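J.: Attaching a single structure in structure tokens format; questions to follow.
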Amino acid sequence: MRVSVIGGGSIGPETATVAEDLGERLAERGHVVVCGGLGGVMAAVCRGARAAGGETIGILPTDDREDANPHVTTPISTGMGHARNALVVMNGDAAVAVDGASGTLSEIGLALAQGRPVAGLDTHDVDGVEAVDSPAAAVEHVERAVDRDNTGSD
């Protein structure tokens with residue numbers, strides 16, 4: 001499946017490690033990472049996914065594909081600024097939020113409005129977001145939630 005990973009554009013080393021681990025785990029499970037394609041959580045999750053041989057899609061706010069972080073395998077330029085946030089979450093079957101500020105909050109809201117399951121790692125406390133304590137738990141949550149949605153059972 002495709003998993004949208006949303007989060008802070010400027011992060012510290014601890015959050016970078018969490019995001020990189022998340023990307024690696026997603027890729028190891030065969031999932032494609034979708035993100036905003038720039039720095040911070042986006043670069044770290046892509047770095048982890050690529051280290052595990054995974055595919056990464058970066059939906060950029062700018063009109064230049066060259067703006068993508070070096071770990072994005074498929075950059076998509078939009079020229080839409082923050083409006084591209086809707087495209088980031090619409091191109092994932094589920095979302096994982098890591099850290100983040102107002103842009104991440106908008107993506108959480110858009111994901112929930114579109115019925116996407118959302119796992120949260122040290123992010124906004126929002127109804128509908130499953131707070132998890134590790135990248136492994138985030139992957140488990142979105143896999144279970146998408147499988148449940150596809151089978152119609154709990």
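The values are calculated or read from the model by the stated rules, or taken from the named source; none is laboratory data. This is a predicted model, so every value here is computed, not measured. Virtual Cβ from ideal backbone geometry, glycine too; neighbours counted across all protein chains shown. Protein only, heavy atoms only, side chains kept; ligands, DNA and RNA dropped before computing areas. Shrake-Rupley method; radii C 1.70, N 1.55, O 1.52, S 1.80 Å.
J.: What tally of residues in region 2-13 results from selecting those that are surrounded by 24 or more Cβ atoms within 10 Å (Cβ to Cβ) and not polar (S, T, N, Q)?
T.: Qualifying residue count, region 2-13: 4.
J.: Moving to a separate point now. Given the criteria in contact with a Lys or Arg (Cβ under 9 Å, 6 or more places away or on another chain) and among the acidic types (Asp, Glu), does residue 21 qualify? Working first, answer last.
T.: Values: in contact with a Lys or Arg (Cβ under 9 Å, 6 or more places away or on another chain): no; among the acidic types (Asp, Glu): yes.
For residue 21, the condition - in contact with a Lys or Arg (Cβ under 9 Å, 6 or more places away or on another chain) and among the acidic types (Asp, Glu) - is not met.
J.: State whether one or more residues within region 38-51 are in contact with a helix residue (DSSP H, G or I) (Cβ under 8 Å, 6 or more places away or on another chain) and within 18 Å of residue 117 (Cα to Cα).
T.: no
J.: Quick check on this structure: which one of 94, 137 is over 11 Å from the mean Cα position of the chain (by Cα) and either crowded, with 23+ Cβ neighbours inside 10 Å or aliphatic (A, V, I, L, M) (or both)? So that I can check it myself, show each step before the final result.
T.: Details: 94 fails: over 11 Å from the mean Cα position of the chain (by Cα).
So the residue among 94, 137 that is over 11 Å from the mean Cα position of the chain (by Cα) and either crowded, with 23+ Cβ neighbours inside 10 Å or aliphatic (A, V, I, L, M) (or both) is 137.
J.: Here is a follow-up. Give region 14-28 a look and list any residue that's open to solvent by 10 Å² or more (accessible area, probe 1.4 Å) and either over 21 Å from residue 147 (Cα atoms) or assigned to a strand (DSSP E or B) (or both), or say none.
T.: Within region 14-28, 14, 15, 16, 17, 18, 20, 21 meet the criteria.
J.: Given the conditions (1) open to solvent by 50 Å² or more (accessible area, probe 1.4 Å); (2) closer than 19 Å to residue 2 by Cβ, report the number of the one that residue 118 does not fulfil.
T.: Among (1) open to solvent by 50 Å² or more (accessible area, probe 1.4 Å); (2) closer than 19 Å to residue 2 by Cβ, residue 118 violates only (1).
J.: For region 104-154, how many residues are polar (S, T, N, Q), touching a strand residue (DSSP E or B) at 6+ places or on another chain (Cβ under 7 Å) and either without any contact (Cβ under 8 Å) to a residue 60 or more places away in the chain or not in a loop (DSSP other than H, G, I, E, B) (or both)?
T.: Residues that pass the stated criteria total 1.
J.: Considering only residues that are assigned to a helix (DSSP H, G or I) and touching a residue at least 40 places away in the same chain (Cβ under 8 Å), which ones fall in region 29-56?
T.: 41, 45
J.: Now for a separate question. Go through region 120-134 and give me each residue that's more than 14 Å from the chain's Cα centre (by Cα) and of a type in the set (A, V, I, L, M).
T.: Once the filter is applied, which keeps residues that are more than 14 Å from the chain's Cα centre (by Cα) and of a type in the set (A, V, I, L, M), region 120-134 yields 126, 131, 132.
J.: OK, next. Within region 48-68, restricting attention to residues that are surrounded by 20 or more Cβ atoms within 10 Å (Cβ to Cβ) and among the hydrophobic types (A, V, I, L, M, F, W, C), which residue is farthest from residue 83 (Cα to Cα)?
T.: Per the stated criteria, the residue is 49.
J.: Could I ask something else about it? From 31, 71, 82, which residue is open to solvent by 10 Å² or more (accessible area, probe 1.4 Å) and within 12 Å of the chain's Cα centre (by Cα)?
T.: Just a single option satisfies the conditions, and that option is 31.
J.: From the list 36, 103, pick out the single residue that is buried (at least 23 other Cβ atoms within 10 Å of the Cβ) and under 15 Å from the mean Cα position of the chain (by Cα). Can you show your working first?
T.: Working: 103 fails: buried (at least 23 other Cβ atoms within 10 Å of the Cβ).
Testing whether each residue is buried (at least 23 other Cβ atoms within 10 Å of the Cβ) and under 15 Å from the mean Cα position of the chain (by Cα) leaves just 36.
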